[in-house]
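Data first, discussion second: the structure below is written as structure tokens.
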Amino acid sequence: MSKRNVVAILAFTLVLASSSLAMAQDGSAEEGGLWIFFGIAIACGFAIGVAALGTGLAMGNAINGAVQGVARNPEAGGRVFTMLVMGLAFIESLCIYSFVICIFLILKMPDLQPMLDAIVTSFGG
């Protein structure tokens, strides 16, 4: 197994574990500690990053194909443009789904004040 595949599998496992722990908490900072915040932050950051990377690559590939198709057959430009716009909308919807899931995770975050109090008390303040 290549190093790239191992890193991808470990990162995917980290995101699943982080989001699972974050969603399993009942919402109190005392019971879950600060780990719920770390789990949500890691899961959301990684999910949006991967979604943006994937949709960016897919959109670039789609636009490349459309431009090459119009270059070969300029008369089909209107139909190619229509299909390109529809395809780009479907590709972008995948990134929007990831964003919606991250919003759900962020709304699952407990109140910020108990977390700040826990930080202050842990540093002897």
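For the stretch 53-75, enumerate the residues that are under 30 Å from Ser98 (Cα atoms) and either acidic (Asp, Glu) or surrounded by 15 or more Cβ atoms within 10 Å (Cβ to Cβ) (or both).
Answer for the stretch 53-75, where residues must be under 30 Å from Ser98 (Cα atoms) and either acidic (Asp, Glu) or surrounded by 15 or more Cβ atoms within 10 Å (Cβ to Cβ) (or both): Thr55, Ala58, Met59, Ala62, Ala66.
Does Gly78 count as exposed (fewer than 13 other Cβ atoms within 10 Å of the Cβ), at pLDDT below 90 and of a type in the set (Gly, Ala, Ser)?
Working: exposed (fewer than 13 other Cβ atoms within 10 Å of the Cβ): yes; at pLDDT below 90: no; of a type in the set (Gly, Ala, Ser): yes.
Judged against the criteria, Gly78 is not a match.
May I ask you to say which residue of Gly77, Gly39 is in contact with a helix residue (DSSP H, G or I) (Cβ under 6 Å, 6 or more places away or on another chain), more than 27 Å from Leu10 (Cα to Cα) and of a type in the set (Gly, Ala, Ser)?
On the way: Gly39 fails: more than 27 Å from Leu10 (Cα to Cα).
That would be Gly77, the only listed residue that is in contact with a helix residue (DSSP H, G or I) (Cβ under 6 Å, 6 or more places away or on another chain), more than 27 Å from Leu10 (Cα to Cα) and of a type in the set (Gly, Ala, Ser).
What number of residues in the stretch 33-76 are under 29 Å from Leu107 (Cα atoms), in a helix (DSSP H, G or I) and among the aliphatic types (A, V, I, L, M)? Before you say what the answer is, go through the steps one by one.
Kept after step one, since they are under 29 Å from Leu107 (Cα atoms), are these residues of the stretch 33-76: 33-56.
After this cut, where a residue has to be in a helix (DSSP H, G or I) as well, the list is 35-56.
Still in the list and also among the aliphatic types (A, V, I, L, M): 36, 40-43, 47-48, 50-53.
The qualifying residues number 11.
The values are calculated or read from the model by the stated rules, or taken from the named source; none is laboratory data. As the structure is a computational prediction, the values presented were derived from the model and not from experiment. Glycine gets a Cβ as well: all are built from the backbone with ideal geometry, and neighbour counts include every protein chain shown.
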